[in-house]
Structures are given as C-alpha cells and as structure tokens.
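Novice: Dumping the structure here so I can ask a few things about it.
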Amino acid sequence: MKKSYNIKILEQELLVLSDAEDEQVANVVRFVNGKMEEVLQDRNGLKTLDVAILAALNISEDFLKLKEVHQEICDQLENRSEKLIQLIEDVS
C-alpha cells in the first residue's frame with residue numbers, strides 16, 4: 001500500500017507516494033540530495049532544473065555501470081554453474 005511522504009529535494013518540497021519503508025525513502029532522499037550537492041559544488045549558480053538534470057545524468061551513468069557489472073557477474077556465475085553441472089554429470 002502506497003504511503004505519502006513530504007520530502008525536500010534541493011530546498012524544494014514535494015509530496016510523493018511510495019511502497020517503500022520510511023527508512024528507504026529517507027535513504028533515497030539523502031542520496032538524491034547528495035548527488036545534487038555534488039553537481040552544485042562543481043558548477044555554482046545553476047538553475048534548479050539544470051542541477052536536477054545533471055544529477056539525473058550522473059545517477060543514470062552510475063546505474064548503467066553497475067547494471068553492466070551485475071550482468072557480467074551473472075554471466076560468470078552461469079558459466080561456472082554450467083561447468084559444475086558438467087563436472088557432476090561426468091562423474092556420475
């Protein structure tokens with residue numbers, strides 16, 4: 001069941017709905033604010049929309065890198081599993 005949360009992102013107050021637990025919502029808000037603060041440190045004087053877009057791009061880049069690493073690990077596990085199954089079948 002979705003719950004409403006009043007959150008503050010870069011001094012902008014928003015009402016959002018989420019299925020997540022309170023702590024998870026707070027972690028997401030801290031993470032997003034942190035990414036936006038990183039953008040502001042690098043480029044002072046940007047409009048809020050520009051900061052949000054740059055932060056979204058940075059988060060997306062990080063996500064896609066992690067997704068690629070995740071896929072590589074899954075592929076390795078699958079290959080190892082297939083080798084183990086083959087070894088077990090060869091022994092049987």
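Novice: R0 = 22 Å: FRET efficiency of Glu37 with Val16, Cβ-based, nearest 0.05?
Specialist: Numbers: r = 20 Å, r/R0 = 0.89.
Efficiency, from the Cβ-Cβ distance: 0.65.
Novice: Could you work out how far helix 22-42 tilts from the main Cα principal axis of the chain, as a 0 to 90 degree angle to the nearest 10?
Specialist: 70
Novice: Let me ask you something else. Averaging over all projection directions, find the projected area of the Cα convex hull of the chain and quote it in nm² with one decimal place. Display every interim value, and only then the final one.
Specialist: On the way: hull surface 37.1 nm².
Quarter of the Cα hull surface area: 9.3 nm².
Novice: Shifting gears a bit: Can you figure out the FRET efficiency of Ser4 with Leu87, using R₀ = 41 Å and their beta-carbon distance, to the nearest 0.05?
Specialist: Numbers: r = 54 Å, r/R0 = 1.31.
It comes out at approximately 0.15.
Novice: Please work out how much length the chain gains when fully extended from Lys47 to His70, using 0.36 nm per residue of separation minus the C-alpha to C-alpha distance, in nm with one decimal.
Specialist: Computed gain between Lys47 and His70 is 4.8 nm.
Novice: Is it possible to state the helix-based mean residue ellipticity at 222 nm for the chain, with each DSSP H run of 4+ residues giving -39500 (n - 2.57), the sum divided by total residues, to the nearest 500 deg cm²/dmol? What is it?
Specialist: Rounded to the nearest 500, the figure is -25500 deg cm²/dmol.
Novice: Going down the table (Lys8/Lys65; Lys8/Lys47; Lys8/Lys35; Lys8/Lys67), which pairs top 23 Å between alpha carbons?
Specialist: Result: Lys8/Lys65; Lys8/Lys67 exceed 23 Å.
Read the figures in this text as sums done on the coordinates, not as results from a lab. Computed from a prediction, not measured in an experiment: that's the story for all the values here. All Cβ positions, even for glycine, are placed from backbone atoms using ideal geometry, and neighbour counts span all protein chains on display.
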